[in-house]
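Trainee: This is the structure I have questions about; it appears just below.
Please treat every number below as a calculation from the coordinates, not as lab data. Computed from a predicted model, the values in this text were never measured in an experiment. Don't worry about glycine lacking a Cβ; one is built from the backbone with ideal geometry, like all the others, and counts go over all protein chains shown.
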Amino acid sequence: MIAIEAKNIYKSFPGIKALDDVSIAVEKGEVHAIVGENGAGKSTLMKIFGGLYDMDSGSILINGTPCEIKSISGALSHGISVIYQELNLMPSLTIAENIFVSDLPGSLGQVNYRKLNQQTRELMERLSLNAKPTDLVSTLSVSQRQMVEIMKAVSHNSEIIIMDEPTAALNNQEVDTLYNIIHKLKAEGKTILYISHRLREIFDISDRVTVLRDGRYVGTRLTSELDENALVSMMVGRDISQLYKYQPTQPGETVLEVQNLEKEGVFSDVSFSLREGEIVGVAGLMGCGREEIVKSIYGLTRRDGGRVILQGVEKDIKSPSVAIKEGIGFVTEDRKDSGIFALMTIRENISVNILRALSRWGLIRTDMEDELLVSYTSSMNMKYADEMQRIMFLSGGNQQKFILARALASGCKVLIMLEPTRGIDVGAKAEIYSLLSGLAAKGMAILVISSELPEIMSVCYRSLVVFQGQITGNILRDEMDENLIMRCATGNETYFSKGAQI
Amino acid sequence: MNKKPYRGFDYYWKRYGIFATLLITLAVFAILSPLSLTPNNLLTVLSRSAIIGISACGMTFAICSGGFDLSVGAILGLSTCVFAANLPLFGLLPATLLTLLVGGLAGMLNGLAITKLKIQTFVATLAMGMIIKGVALLYTHGSKQMLSRTENAEAKIFSQNVNIGSLQVQLAPLLMMALVFICGYLIYRYTRHGVYTRSIGSNENAARTAGIPVDRTIIIVYIVTGVTASISGLIRASQLMQGSAVLGDGFELDAITATILGGTSLAGGKGNIWGTFIGAILLAMIRNGLNMIGLSDEYQRLTIGLILLAVLAISGLQELREEKSA
């Protein structure tokens, strides 16, 4: 039986056809993955299902009957819940209040908290979330918040649950918990539409997969009949092995050395070094302290002690502007929150922290800005309309390249990159990897902090592993293995490759 | 991606909306009272708009950086007092410089409270406004500082009527406004400070991460709003030949209104210096026009409120449409 079917959907935005004659049919009770590169139209399609966008033409059938979805509440009344990429929770309310905020039990405007918390407790037991209904959402971890979003969807008794990149902020263990929930929902007969960039997840969890490319429908297959290469070539029309190949480089002189970094309760006794032309990964579970370690090196957060030595000279890096001056580049893990200046032009987004060099008599020389823009956009294959385009209108992959270009433009010798490919598509991912290895070949020392082990294993020369604020592993490329890294990341083992400089 | 620019109503509204509003207002008043269109009256409107305009120019930076400044009214009041009290003692130039210095200092305190004490701009500038007004009242013992017209003739320099042919105009405020806006535009558009201000308003986290001197930029922004409020204070003191702590009461809202009318977004990151310029003229024109047709202060407030709502509603609906389709 078909739970939801879209027929001949068209949707265009000014200057772009987002969906061009897309049709898709989802069986009741299946986990149906939707994949495609950024800009392929998956999110647009989901937003049409969720009532956030109107389609230009086409029809939607739910359980075989045509219906119009005009608003979010309209989608809910048709039994569709969408869990969007950005979580929409209110941190200062409790779990229970968040879940039932649109449907609080009680009468005359008074909330019946006993009933509310009871309802929530039942839901939490069903999905095995380990917390109290009265816990504030602000005290929860990202994965727990994700769970609350899912409970919100389930609480509406929706038959169709759409998950847009649900694992973007989750670590491997948390992804497993999410899988369990999806299995439970499936067992209850719910239909799940699952969007993800992580191909592994598609194979782990989905029954069927539909591929979109450039707003067009490419095809729907049984997941069991596909392998990763076949899926990727459907998505990009190319083979993945053509996309990125590791280029071995021979590390040179030590550029960055850190000794005994510590911050009370977060990390301690962290020492490692980084050499020219070396790409070093930093693996670890969420909350292990690795972001805090590198942010303290960059001067973004304070630490209690430890030394940072750049090319043999100890430096006191108190702020990012000092770090940039000393030759450290930094790319944030959260583009939207601390990366892009959404309202500003792409030109300004590249040049913003080297304006001093681009000014004469205090006035910015836009011709020099343009030169800078052109030199980076052409060498990094960035796509944009014109130099005055606002960066918010670019795809995630292109935005990421602009932020990387901004860091490079300041002339860094050390590049710290957090989650280099979070939320960007396969094609752009491969391009970022090639850029990184190209930079390493030219002598850049690169630190890659990533939650995706395959990423670390495909681009890094060696990888550090952090557990509870301490380094528990330093593994050379030849010895890297997912299980070994996970054992170090969970504190079950410490492993230091022989002959590897730490 | 976006090869063909889309040019509907939204496109033109974004660029020329405030200007169109100004022309419509002008047309309405021209019909209601033919005298509104005389060159003399138009020049009067322009020079009247200077006091609001100059402060609003500074305010544009504050709002663009993601904040605003509720203390400019109090700073204006204090400035008139400082100027009126010190002019007889020290002469024109020292009194003027001292006034601007006081304004800048007040602004710096705002900036320090916001960046170093991490107080929200609303609270910081509200409290600072009260403090400054208190200081001004103490300084003048609660009374007006009158300037004697004969003894302090040079005080008139900021508001002297000048005859150009058959036209009579207060030239100084116009020139000062022009200078402030030209500098404001150049700073906004072509300097690091301008870019930093916009980047902080657009995304403060990203600005910190990118190594932009966030605190310093914000402090400068509030020093500038303080100084521009002082310049407005000089003109007002000169026009009224007096200084009083209450002369700036409610003025901060005028400055914010002109800025917002001009298309600067309270959410930060998006500023429009020339829009502010026109916004200030629009405010002055509405006041002047309603005066000419004999409607009193309450109608002026009502009209300005309605126009503000209408302009923002059009922009708000537009943003809603963009969200739905982008």
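Trainee: Would you mind telling me which residue in B:ILE24, B:ILE164, B:ILE231 has the biggest mean-square fluctuation in a Gaussian network model of chain B, where springs connect alpha carbons within a distance under 10 angstrom?
Mentor: Result for chain B, Cα springs under 10 Å: B:ILE164 fluctuates most.
Trainee: Here's another thing I want to ask about it. Each label point is 7 Å from the Cα along the Cα-to-Cβ direction; what then is the distance between the points at A:ALA500 and A:SER271, in nm?
Mentor: 1.8 nm
Trainee: Next question. I'd like the mean, over residues of B:187-193, of how many other protein chain beta carbons sit within 10 Å of each residue's own Cβ.
Mentor: Shielding by partners across B:187-193 averages 4.
Trainee: First select every other residue whose beta carbon is under 10 angstrom from the beta carbon of A:ALA40; then total the charges, Lys and Arg +1, Asp and Glu -1. Walk me through the numbers before you get to the answer.
Mentor: Working: positive: A:LYS42, A:ARG213, A:ARG216; negative: A:GLU37, A:ASP214, A:ASP425.
Within the 10 Å Cβ shell, the charges total 0.
Trainee: Please turn the phi angles of the stretch B:163-169 into ³J(HN,Hα) values with the Karplus equation 6.51 cos²θ - 1.76 cosθ + 1.60 (θ = phi - 60°), one per residue in order, whole Hz, x for glycine and proline.
Mentor: Calculated HN-Hα couplings, in order: 9, 10, x, 8, 8, 10, 8 Hz.
Trainee: Next question, about the same structure. Quick check on my link table: of A:LYS190/A:LYS401; A:LYS325/A:LYS383; A:LYS17/A:LYS401, which ones sit more than 31 Å apart, alpha carbon to alpha carbon? Don't jump to the answer; show the numbers that get you there.
Mentor: Working: A:LYS190/A:LYS401 39 Å; A:LYS325/A:LYS383 29 Å; A:LYS17/A:LYS401 24 Å.
From A:LYS190/A:LYS401; A:LYS325/A:LYS383; A:LYS17/A:LYS401, over 31 Å: A:LYS190/A:LYS401.
Trainee: Amide H neighbours of A:SER359 under 5 Å, counting only residues 5+ apart in sequence or on other chains, H built in-plane at 1.01 Å?
Mentor: A:ARG365
Trainee: Which cross-chain or sequence-distant (5 or more) residues have an amide H under 5 Å from the amide H of A:TYR495, H modelled 1.01 Å from N in plane?
Mentor: A:GLY473, A:ASN474
Trainee: Let me ask something else. Please rank B:ASP69, B:ASP215, fewest neighbouring Cβ atoms within 10 Å first, as an exposure proxy.
Mentor: Least crowded to most crowded, the residues run B:ASP215, B:ASP69.
Trainee: Treating only the Cα positions of the stretch A:242-372 as identical point scatterers, give the base-10 log of I(q)/I(0) from the Debye formula at each q in 0.15, 0.17 Å⁻¹.
Mentor: Log10 of I(q)/I(0), two decimals: -0.93, -1.09.
Trainee: Then there's this: Work out from phi, with θ = phi - 60° and the Karplus expression 6.51 cos²θ - 1.76 cosθ + 1.60, the ³J(HN,Hα) of each residue of the stretch B:112-129, listed in order in whole Hz, and give x for Gly and Pro.
Mentor: 5, 4, 6, 8, 8, 9, 6, 8, 4, 4, 4, 5, 4, 6, 5, 5, 5, x
Trainee: Okay, moving on. Checking the a/c ratio against 1.5 first, then a/b against b/c, what shape does the Cα gyration tensor give for the stretch A:117-259? The partial results should precede the final answer.
Mentor: On the way: a/c = 2.99, a/b = 1.30, b/c = 2.29.
Oblate, because a/c is 1.5 or more while a/b does not exceed b/c.
Trainee: Give me the dipole magnitude in Debye, nearest 20, for the stretch A:2-241 about the Cα centre, with unit charges on the beta carbon: positive for Lys and Arg, negative for Asp and Glu.
Mentor: 420 debye
Trainee: Once every Cα of the stretch A:2-241 carries one equal point scatterer and solvent is ignored, give the base-10 log of I(q)/I(0) from the Debye formula at q = 0.08, 0.09, 0.10, 0.16 Å⁻¹, two decimals.
Mentor: -0.31, -0.39, -0.48, -1.16
Trainee: Where Rh denotes the Kirkwood radius from the mean inverse Cα pair distance, what is Rg over Rh for the protein assembly as shown? Write out the running numbers ahead of the final one.
Mentor: Working: Rg = 30.8 Å, Rh = 30.1 Å.
The Rg/Rh ratio comes out at 1.02.
Trainee: Tell me, Kirkwood radius of the stretch A:348-502 from alpha-carbon pair distances, in Å? It would help to have the intermediate numbers written out before the result.
Mentor: Numbers: mean 1/r = 0.0573 Å⁻¹.
Kirkwood radius, the stretch A:348-502: 17.4 Å.
Trainee: Amide H of A:GLU30 versus every other amide H placed in the peptide plane: which residues, excluding those fewer than 5 positions away on the same chain, fall under 5 Å?
Mentor: The list, which skips near neighbours in sequence, is A:ILE192.
Trainee: Which ³J(HN,Hα) values in Hz, rounded to whole numbers, follow from the phi angles of the stretch B:297-302 under the Karplus curve 6.51 cos²θ - 1.76 cosθ + 1.60, where θ = phi - 60° and Gly and Pro get x?
Mentor: With the stated coefficients, the stretch B:297-302 comes to 3, 4, 5, 4, 4, 4 Hz.
Trainee: Over the whole of A:314-326, what's the average partner chain Cβ count within 10 Å per residue? Rounded to a whole number, please. Each step should come with its number before you reach the end.
Mentor: Working: counts 0, 0, 0, 0, 0, 5, 8, 7, 1, 1, 3, 1, 0.
Shielding by partners across A:314-326 averages 2.
Trainee: What FRET efficiency comes out for A:ASP337 versus B:ALA27 if R0 is 45 angstrom and r is the Cβ-Cβ distance? Round to the nearest 0.05.
Mentor: Numbers: r = 46 Å, r/R0 = 1.03.
Rounded to the nearest 0.05, the efficiency is 0.45.
Trainee: Trypsin sites (Lys or Arg not before Pro), restricted to the stretch A:252-355: which are DSSP loop and have at most 16 other Cβ atoms within 10 Å? Display every interim value, and only then the final one.
Mentor: Details: sites: A:LYS263, A:ARG275, A:ARG290, A:LYS295, A:ARG302, A:ARG303, A:ARG307, A:LYS315, A:LYS318, A:LYS325, A:ARG335, A:LYS336, A:ARG347; in loops: A:ARG302, A:ARG303, A:LYS318.
When the trypsin sites (Lys or Arg not before Pro) of the stretch A:252-355 are filtered for loop state and at most 16 Cβ neighbours within 10 Å, A:ARG302, A:LYS318 remain.
Trainee: While we're here: Please give me the summed charge of the neighbours of B:ASP215: other residues whose Cβ is under 11 Å from its Cβ, Lys and Arg +1, Asp and Glu -1. Walk me through the numbers before you get to the answer.
Mentor: Values: positive: B:LYS116, B:LYS118, B:ARG208, B:ARG216; negative: B:GLU204.
After counting each charged neighbour, the total is +3.
Trainee: Determine the percent antiparallel among the DSSP beta bridges restricted to the stretch A:446-502, to the nearest 5. If you can, show how the numbers build up before the last one.
Mentor: Details: 6 of 8 bridges.
Percentage antiparallel, nearest 5: 75.
Trainee: What's the exposure ranking of B:CYS57, A:CYS412, A:CYS288, B:CYS183, going from fewest to most Cβ atoms within 10 Å? Walk me through the intermediate numbers first.
Mentor: On the way: B:CYS57 31, A:CYS412 20, A:CYS288 24, B:CYS183 13.
Fewest-to-most Cβ neighbours within 10 Å comes out as B:CYS183, A:CYS412, A:CYS288, B:CYS57.
Trainee: To the nearest Å, what is the center-to-center distance of the stretch A:431-496 and the stretch A:141-196, using C-alpha atoms only?
Mentor: 29 Å
Trainee: Hey, another quick one. Would you calculate a helix-derived [θ] at 222 nm for the protein assembly as shown, using -39,500 (n - 2.57) for each DSSP H run of n ≥ 4 and dividing by the full residue count, to the nearest 500?
Mentor: -15500 deg cm²/dmol
Trainee: Separation of the stretch A:11-86 and the stretch B:167-214 by C-alpha centroid, Å?
Mentor: 44 Å
Trainee: Also, I was wondering about something else. Among DSSP beta bridges whose residues both lie in the protein assembly as shown, state the antiparallel percentage, nearest 5. Before the final figure, lay out each step's value.
Mentor: Values: 54 of 91 bridges.
Just about 60 percent of them are antiparallel.
Trainee: What do you get for Rg/Rh over the stretch A:245-306 if you use C-alpha atoms and the Kirkwood form of Rh? Before the final figure, lay out the partial values.
Mentor: Numbers: Rg = 13.2 Å, Rh = 12.9 Å.
Rg divided by Rh gives 1.03.
Trainee: So what is Rg over Rh here for the stretch A:67-160, counting just Cα atoms and using Kirkwood for Rh? Provide the component values of the computation, followed by the final result.
Mentor: Working: Rg = 13.3 Å, Rh = 13.8 Å.
That ratio equals 0.97.
Trainee: Can you tell me which of B:269-282, B:117-130 comes out highest on packing, and rank the rest after it, using the mean Cβ neighbours within 10 Å?
Mentor: On the way: B:269-282: 24.6, B:117-130: 16.6.
By packing density, highest mean first, the sequence is B:269-282, B:117-130.
Trainee: Please work out whether the stretch B:185-326 counts as rounded, prolate or oblate from its C-alpha gyration tensor, where a ≥ b ≥ c are the square roots of the eigenvalues and a/c under 1.5 means rounded, while otherwise a/b larger than b/c means prolate and anything else oblate?
Mentor: Working: a/c = 2.75, a/b = 1.30, b/c = 2.12.
The shape class here is oblate.
Trainee: Kindly list the residues of the stretch B:253-270 that lie in the label zone of B:ALA310, defined by a backbone N under 20 Å from the point 7 Å along the Cα-to-C-beta vector.
Mentor: Once the point is set 7 Å along Cα→Cβ of B:ALA310, B:254, B:257-264 turn out to lie under 20 Å by backbone N, inside the stretch B:253-270.
Trainee: While we're looking at this one, here's another question. Give me the number: length gained by fully extending A:LEU363 to A:TYR179, i.e. 0.36 nm times residue separation minus the C-alpha to C-alpha distance, one decimal in nm.
Mentor: Values: separation 184, 0.36 × 184 = 66.24 nm, distance 5.51 nm.
Net length gain for the segment: 60.7 nm.
Trainee: By count of other Cβ within 10 Å, fewest leading, how are A:TYR194, A:TYR461 ordered? Mind showing how you got there, number by number?
Mentor: Details: A:TYR194 24, A:TYR461 21.
Result, fewest neighbours first: A:TYR461, A:TYR194.
Trainee: Rounded, prolate or oblate for the stretch B:83-211? Axes are the square roots of the Cα gyration tensor eigenvalues, ordered a ≥ b ≥ c, and the cut-off for rounded is a/c under 1.5.
Mentor: oblate
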